[in-house]
Amino acid sequence: MTLGSVPPKFKVSIDRDQCMDCGRCIENCSYGVYRREGDKILIESRKCTGCLRCVAMCPRDAITLTEKPIDYRSHPLWTREVREDIIKQARSGKIILSGMGNARDLPVIYDRLLLDACQVTNPSIDPLREPMELRTYIGKKPSKLNFRKTESGDVELETKLAPNLKLNTPIMIGHMSFGAISLNSQLSMAKAVTELGTYMGTGEGGLHKDLYPYQDHMIVQVASGRFGVNIDYLERGAAIEIKIGQGAKPGIGGHLPGEKVSEEVSKARMIPIGSDAISPAPHHDIYSIEDLVQLIRSLKEATEWKKPVFVKIAAVHNVAPIAAGIARSSADAVVIDGFRGGTGAAPKVFRDNVGIPIEVAIASVDQKLREQGVRNEISIIASGGIRTSADLAKSIALGADAVNIGTAALVALGCRVCGNCYRNLCPWGIATQRPDLVSRLDPEIGAVQVSNLIKGWTYELSELMGAAGINSIESLRGNRDRLRGYMLDEQMLKILDVLPAGA
């Protein structure tokens, strides 16, 4: 006796009266849901992932997609998801992979934080008529500045400043590697950040030669697998990031399935075509803060101390003391990735159960660094589930200098968050290396869409700051007085260092 089939996740149907039998659904579905048999288009709903490519491309709006048309007997403990995971593992005996961010129905702290506004005695600021300073500098800041007077009477700065990245908006695009996403996806985002005066990450997949024109706005990554890392790669980046961990899978390394390692990906990563690119869980030369210092200094020495070096860690329970150690390690910024961070491929059990929310991580790190008097030694970059300009503003008020976005940028390119990134079948040309699918994403159009998203968020951030009576991003950073908690318990409010609504 076999386990048999499970209820389909989606039911796909075609309105035959509306359908013009053009076959676009067949052409556009990379998962094989549609096929032609004689003069009729047949449907295999079980293959559907809910990517909605067919719905978007149907010229007659003839396609309907229904989620969970048949379900199991309801049970509060043995949910559909739990039962299907057991069935999958009973069949395969393997780890279940998944893409995108944490999919569990857990409270979002951002949604329970409210931004305060000014009224009457402390008037708001109109960003349409008054200047708003959104420029952000990422890197070490001196605790004081020393000046000297020259013989000619001019004043010169004596203090030697560390290299900083100048951002015209406190929004960057996080690390998504060539391999995990397509070159056209990376090109779209690279063009956007170059236009806007901000930065994006390369991920751990090396740097494709087509991205060289945008290298001044690229942050190169050194992960535990050291894929694609050489001196040419390091010198091309505007900054370097050491990836210790990421929010979607704290405590383990990266995984790029062999199906996505094309000839171009193999060249960029310096690995064989078709081989799984599996990063080790730890860096095998880092087992202490002292070891981390050695790698940071080695990277700075290799690039003549001209580039800031960031350290990316996953948000975990002891994130604050870890960040304090990083602040003293010669690093210029710490990137904290919350448990809702996206990924191309992760064990589902890690994605949905390991790590802590980015909101509490930012607040605890900012507070710890202030208590120890080293907050100016390092910048804080928040990532992992930043969905809106409100999340951006709240992150900065909690203590971040800037944020990284990932999934939001992919959604701007057309991603429908179906979570099947690891299968190399993305019908939108985003998380795939198949040439026929990659060609569906036009980098010029993609760049406009990503740019528009960041512009829109930046305008909204100005409006939110103005409403709070703030005209400089510096005045918002760590300003928890501008936040109030709603439906958060006392302990959570204490960790966030935020007053309850009405207080």
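The values are calculated or read from the model by the stated rules, or taken from the named source; none is laboratory data. Just so it is clear, the model here is predicted, and its values are computed rather than measured. When we count neighbours, we look across all protein chains shown, and the Cβ atoms used for this are built from the backbone with ideal geometry, even at glycine. What goes into the accessible areas is simple: the full protein's heavy atoms, side chains included, and nothing from ligands, DNA or RNA. Shrake-Rupley method; radii C 1.70, N 1.55, O 1.52, S 1.80 Å.
Just checking, does the stretch 192-201 include any residue being within 19 Å of the chain's Cα centre (by Cα), free of Cβ contacts under 8 Å to residues at least 24 places away in the same chain, surrounded by fewer than 24 Cβ atoms within 10 Å (Cβ to Cβ) and part of a helix (DSSP H, G or I)? Yes.
Tell me which residues, restricted to the stretch 99-118, are open to solvent by less than 30 Å² (accessible area, probe 1.4 Å) and over 22 Å from the mean Cα position of the chain (by Cα). Listed by number, the list holds a single entry, 118. Filtering the stretch 339-359 to residues that are in a loop (DSSP other than H, G, I, E, B), of a type in the set (A, V, I, L, M, F, W, C) and open to solvent by 10 Å² or more (accessible area, probe 1.4 Å) leaves 339, 354, 356. Looking only at the stretch 219-253, residues that are closer than 30 Å to residue 317 by Cβ, open to solvent by less than 10 Å² (accessible area, probe 1.4 Å) and out of contact with any strand residue (DSSP E or B) (no Cβ under 7 Å at 6 or more places or on another chain) come to 0 in all. Within the span defined as the stretch 360-380, every residue fails to be modelled with pLDDT of 95 or more, surrounded by fewer than 20 Cβ atoms within 10 Å (Cβ to Cβ) and either among the aromatic types (Phe, Trp, Tyr) or within 22 Å of residue 52 (Cα to Cα) (or both). Does residue 189 fit the bill of being within 18 Å of the chain's Cα centre (by Cα) and open to solvent by 10 Å² or more (accessible area, probe 1.4 Å)? So residue 189 fails the test. In the stretch 48-69, the residue that is nearest to the chain's Cα centre (by Cα) out of those that are of a type in the set (D, E, K, R) and surrounded by fewer than 16 Cβ atoms within 10 Å (Cβ to Cβ) is 67. The single condition among (1) part of a loop (DSSP other than H, G, I, E, B); (2) open to solvent by 40 Å² or more (accessible area, probe 1.4 Å) that residue 460 does not satisfy is (1).
Is it true that residue 90 is among the small types (Gly, Ala, Ser), within 30 Å of residue 464 (Cα to Cα) and open to solvent by 30 Å² or more (accessible area, probe 1.4 Å)? Against the criterion (among the small types (Gly, Ala, Ser), within 30 Å of residue 464 (Cα to Cα) and open to solvent by 30 Å² or more (accessible area, probe 1.4 Å)), residue 90 does not qualify. Across the stretch 320-338, the number of residues qualifying as touching a strand residue (DSSP E or B) at 6+ places or on another chain (Cβ under 8 Å) and either assigned to a strand (DSSP E or B) or open to solvent by 10 Å² or more (accessible area, probe 1.4 Å) (or both) comes to 7.
The listed residues are 125, 96, 86, and the only one of them that is under 29 Å from the mean Cα position of the chain (by Cα) and β-branched (Val, Ile, Thr) turns out to be 96. Scoring residue 448 on the criteria (1) open to solvent by 70 Å² or more (accessible area, probe 1.4 Å); (2) touching a helix residue (DSSP H, G or I) at 6+ places or on another chain (Cβ under 7 Å); (3) of a type in the set (A, V, I, L, M) leaves a single failure, condition (2). Count of the stretch 388-412 residues, restricted to those that are among the hydrophobic types (A, V, I, L, M, F, W, C) and open to solvent by less than 10 Å² (accessible area, probe 1.4 Å), is 10.
So which residues in the stretch 282-326 are within 16 Å of residue 229 (Cα to Cα), of a type in the set (D, E, K, R) and in contact with a helix residue (DSSP H, G or I) (Cβ under 9 Å, 6 or more places away or on another chain)? Correct list: 285, 307. Taking the conditions exactly as written (among the aliphatic types (A, V, I, L, M), open to solvent by less than 70 Å² (accessible area, probe 1.4 Å), more than 31 Å from the chain's Cα centre (by Cα) and more than 19 Å from residue 351 (Cα to Cα)), does residue 42 satisfy them or not? Against the criterion (among the aliphatic types (A, V, I, L, M), open to solvent by less than 70 Å² (accessible area, probe 1.4 Å), more than 31 Å from the chain's Cα centre (by Cα) and more than 19 Å from residue 351 (Cα to Cα)), residue 42 qualifies.
Among the residues of the stretch 466-494, those that are open to solvent by 50 Å² or more (accessible area, probe 1.4 Å), farther than 16 Å from residue 114 by Cα and in contact (Cβ under 8 Å) with a residue 24 or more places away in the chain comprise 471, 474. One residue alone among 153, 174 is assigned to a loop (DSSP other than H, G, I, E, B), small (Gly, Ala, Ser) and either open to solvent by less than 50 Å² (accessible area, probe 1.4 Å) or closer than 30 Å to residue 226 by Cα (or both), and that residue is 153.
Of all residues in the stretch 107-125, how many are closer than 30 Å to residue 423 by Cα and out of contact with any helix residue (DSSP H, G or I) (no Cβ under 9 Å at 6 or more places or on another chain)? Of the residues in that region, 1 qualify. Give me the pairs: first residue in the stretch 271-291 and free of Cβ contacts under 8 Å to residues at least 24 places away in the same chain and open to solvent by 70 Å² or more (accessible area, probe 1.4 Å), second residue of a type in the set (Val, Ile, Thr) and part of a loop (DSSP other than H, G, I, E, B), beta-carbon distance under 9 Å, and six or more apart or on different chains, which are they? These pairs meet every condition: 272/261; 273/261; 276/261.
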